[in-house]
Amino acid sequence: MRWLDIIAAPWRGLLRRLINLWVRFSVAPPEPGQLGLPAAGVCYVLENELLLDEAMLDAACRLHGLPRPGTEAVLGVPRNLFGVRRYRDRLVRRPLPEVSPRLRRLVAGLLAEPDTDVTLVPVAVFWGRAPAREDSWLKLLFAEQWGLAGRLRRALVFLLHGRNVLVEFGQPMSLRELIGGQSREELAVRRASRLLRTHFRNVRAAVIGPDLSHRRSMVAQLLTTGPVRQAIDDEVAATGQRHARVRERARRYGLEIAADYSYPAILLFEKLLTWLWTRLYEGIDLHQIERLRDTARDHTLVYVPCHRSHMDYMILSYVVYKQGLAIPFIAAGINLNLPMIGPMLRRAGAFFIRRSFAGNALYTAVFRGYLSAMLSRGHPIEYFIEGTRSRTGRPLPHRAGMLSMTVHSYLCQPSRPLAFVPVYFGYEKLVEGQSYLSELSGQGKKKESILGLVRSLRTLREQFGRVQVSVGEPIELTALLDRHRADWREGVYSLDSRPAWLAALVDELGQEILVRINAAAVPNPVNLVALLLLAMPKQSMVERELVAQLELCLTLLRRAPWSMGDRLPSLDAGAMVRRAESLGLVLRHGHPLGDVIHMDEGRAVLATYFRNNVQHLLALHGLVACCYMNHRSLGLRRIRRLIRLVFPYVAGELRLPWDRRELRRALNDTLAAMADAGLLRPGRGGRIWSRARAGSASTAQLLVLGQTMMPTLQRYYLVIALLLQAGPGRLRRSELLDLAQQVAERLSLVFELHSPDFFDRAVLSVFVDGLRAQGILRVDSENRLHFDDDLRAVDEDARQILGAQIRQSLQQVISLQPPQATVEPEDEHDAAA
């Protein structure tokens, strides 16, 4: 082999010069120097033992200051580099079945020297990232095993894709661990080679994705599947239409749904979005992004982000692509299938879904078949489980349809492990801010249109701050299935029938996704300033008091039971106020004794959106502070009882993660953090907790913290008061929600809360459903709500937190009128379920 290296040396130099002239490459992860490579004993492993790939690896190592490949001897092997797949070094290139001689010599060296080890660094080089098409004649023409065509293909790839190369560094591996204790050289070599091939196969699936079928070919295959054929036959029997006509309708449904992925379109979008983000945003900050790469190695990913803006799916696809992973196919609402826009989105990986499947069994069968085919092939998928964008900044209740179909498809064809990836988006300023403000003020939602898109181009003249993208902890579906149904592998499943236990599992999955999205939240200056100013009666604070309160929030967040890590703002408190001012969230009123920071009504309404993004992060601190609104000292047992009283309802609304046992630990951590911040003082060995005297600076800060959660508790008390005034069996659920919404809106007007979510029906509904889940409320056959002394006990405890003055104010606003008889509508369900 030494003489081959000597012959290849001039070619390596020529390739380095060509790469410098022509090639543009990126590296994943972006900082491979953080992989923690040892100073010696490092050997690089390429998927293909080719001079071109070796030259790319050398360029990447030189750029990032890593040990150069081929320059170090390891265990007597002269070059610290080998390839898993090797080829004959002749004019006609064919793959060699033998294992790399360098790998064999490394294994022999390890077996001869038991105290040594070699660190393998697998590196995959991707020239372009276009998934191959199963029906492409070009793939056949330029396949690697076609001898001369292999060299021709490499030349064409160098010219066509040399401006879009990805060098993917894998996690370092111990060769000794890789051979798994094998003492026989041949078995050890085979084991190491097999595991390395598996690694590269998984990396290729994560970065490029599986082979694609042409859109029309895939639709044609869908029409031949059993469930779709059965749906066509059922439609023919039910309507009497000709079979060919119904089949054609099914084909049109398939073409309406299916994506038409185009790699040139992806490259175009990458350039366009790079320009767009530069115009709109100051930057996109990534948090916990390593979770994507770690999970993608051996799972098919289903991205389930929160839905805050139309920018969400474009930002996520852009981030995923830049991280060197296959971009997901996105479930987009049919309302986005606009002229010109729809075909562009379809080529970028969007597939379209109707808002409702109700009454259309044929469409349901075609869509389920398409989704099942995509998942079984291993394509990453993305959809929003909330169904629509949140106009309040709070997570919306999940819709079961897509989740149910995803889990059901996996049960029918469990080809590759599936993982759901929650993703949090945080904005400092919304592109749709003005339309959201109109909708929050009572105007109707505007329908998407080409004209609306043209009007939105005006936003290109504005700046919208920074965007936070945070990846939550992935949820492995097999682990969830094992926990929920241990014998699920023994079942026989089909797409046209679902197991009875699936609905409960999907509900648990949806709840857990929302909890993990919130757990990944990243507070920005706008969030925290909005949280504090909205807690004040006139949405105003003296600047120095606001700065002190922000410093307190940052201190508490560093000790929060959420494990915030590096997700806190890098700015100090004073800079955060100036940041919110520069983005137009707040106004400044100059004064010789200290400037006043305040919001007008329009800003206050929009600020509720940003407050609601992160209110949950300090919710437990706020609840503890509420306990001290009317008490200076409280026993630990009483604090725990008061928090346990309201926690199930607050957790349901704000998606808090702790169960009863975990809540006790989180509460202890919260009390300790508040004591360290000077807000509370423990006494009698921690059995008594006290605040400072009224009028002190620490008590003032504590009360402001309590005010961040007080509107939530007032809303709860309002619903309870309405129920108690009406009496058991008098109100139906819809009547209670109508009445509570009207009274809450009146209360918002009287006290100038400027918070439309205070009387949001969906938020009120979550509390009423929580009362039912806790057994406080019961529903009879006529859908009337019944309760007993348990509700009165809740009312008594709520009185201790709210205090007499607030209760009297609420009672003055509440004016219960005899409800008119209405027919209780059936609970809405996502038709896709």
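One residue alone among GLY283, GLY324 is more than 15 Å from the chain's Cα centre (by Cα) and buried (at least 19 other Cβ atoms within 10 Å of the Cβ), and that residue is GLY324.
When LEU106, LEU110 are checked against the criterion of being touching a helix residue (DSSP H, G or I) at 6+ places or on another chain (Cβ under 9 Å), closer than 30 Å to GLY324 by Cβ, at pLDDT 90 or above and open to solvent by less than 20 Å² (accessible area, probe 1.4 Å), LEU106 stands alone in meeting it.
Okay, residues lined up against (1) out of contact with any Phe, Trp or Tyr (no Cβ under 9 Å at 6 or more places or on another chain); (2) over 11 Å from THR300 (Cβ atoms):
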position	(1), (2)
SER376	no, no
HIS379	no, no
THR388	yes, yes
GLY393	no, yes
PRO397	yes, yes
ALA400	yes, yes
PRO414	yes, no
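Answer yes if at least one residue in the range 92-99 is touching a strand residue (DSSP E or B) at 6+ places or on another chain (Cβ under 9 Å), modelled with pLDDT of 80 or more and under 16 Å from LEU50 (Cα atoms), and no otherwise. There is at least one residue in the range 92-99 that is touching a strand residue (DSSP E or B) at 6+ places or on another chain (Cβ under 9 Å), modelled with pLDDT of 80 or more and under 16 Å from LEU50 (Cα atoms). Per the conditions (1) under 22 Å from GLU476 (Cα atoms); (2) open to solvent by 20 Å² or more (accessible area, probe 1.4 Å); (3) among the aliphatic types (A, V, I, L, M); (4) out of contact with any strand residue (DSSP E or B) (no Cβ under 7 Å at 6 or more places or on another chain), the sole criterion not satisfied by MET311 is (1). Figure legend. Inter-residue proximity from the range 183-194: first residues touching a residue at least 40 places away in the same chain (Cβ under 8 Å), second residues open to solvent by 10 Å² or more (accessible area, probe 1.4 Å) and polar (S, T, N, Q), beta-carbon distance below 8 Å, spacing 6+ or different chains. Indicated pairs: ALA188/GLN182. Going through the range 395-420 one residue at a time, which ones are surrounded by fewer than 18 Cβ atoms within 10 Å (Cβ to Cβ) and either small (Gly, Ala, Ser) or modelled with pLDDT of 95 or more (or both)? Selection gives SER415 alone.
Checked against (1) open to solvent by less than 60 Å² (accessible area, probe 1.4 Å); (2) modelled with pLDDT under 80; (3) of a type outside the set (Asp, Glu); (4) over 30 Å from SER540 (Cα atoms), LEU802 passes all but a single condition, namely (4).
Here ARG640, ARG632 are screened, and the one residue that is in contact (Cβ under 8 Å) with a residue 24 or more places away in the chain, farther than 26 Å from ASP769 by Cα and in contact with a Lys or Arg (Cβ under 8 Å, 6 or more places away or on another chain) is ARG632. With respect to the conditions (1) part of a loop (DSSP other than H, G, I, E, B); (2) buried (at least 19 other Cβ atoms within 10 Å of the Cβ), PRO728 falls short on a single one, namely (2).
Pick from the range 340-354 the residues that are within 17 Å of ARG252 (Cα to Cα) and open to solvent by 50 Å² or more (accessible area, probe 1.4 Å): which of them is farthest from the chain's Cα centre (by Cα)? Only one residue fits best here, namely PRO343.
Is at least one residue of the range 436-457 open to solvent by 30 Å² or more (accessible area, probe 1.4 Å) and modelled with pLDDT of 75 or more? Taking every residue of the range 436-457 in turn, none turns out to be open to solvent by 30 Å² or more (accessible area, probe 1.4 Å) and modelled with pLDDT of 75 or more.
Here are some residues: LEU671, LEU667. Which one is in contact with a strand residue (DSSP E or B) (Cβ under 9 Å, 6 or more places away or on another chain) and more than 22 Å from LEU533 (Cα to Cα)? Give the derivation first.
Working: LEU667 fails: in contact with a strand residue (DSSP E or B) (Cβ under 9 Å, 6 or more places away or on another chain).
When all the criteria are applied, what remains is LEU671.
Screening ASN630 with (1) farther than 27 Å from ARG308 by Cβ; (2) assigned to a helix (DSSP H, G or I) gives one miss only, at (2). The residue list LEU18, LEU46, LEU57, LEU51 contains one member that is within 23 Å of SER193 (Cα to Cα), open to solvent by 10 Å² or more (accessible area, probe 1.4 Å) and not β-branched (Val, Ile, Thr), which is LEU51.
The values are calculated or read from the model by the stated rules, or taken from the named source; none is laboratory data. For clarity, every value in this text was computed on a predicted model and none was experimentally measured. Because the Cβ atoms are built from the backbone with ideal geometry, glycine has one as well, and the counts that use them run over all protein chains shown. Please note that ligands, DNA and RNA were not included when accessible areas were found on the heavy atoms of the full protein model with its side chains. Shrake-Rupley method; radii C 1.70, N 1.55, O 1.52, S 1.80 Å.
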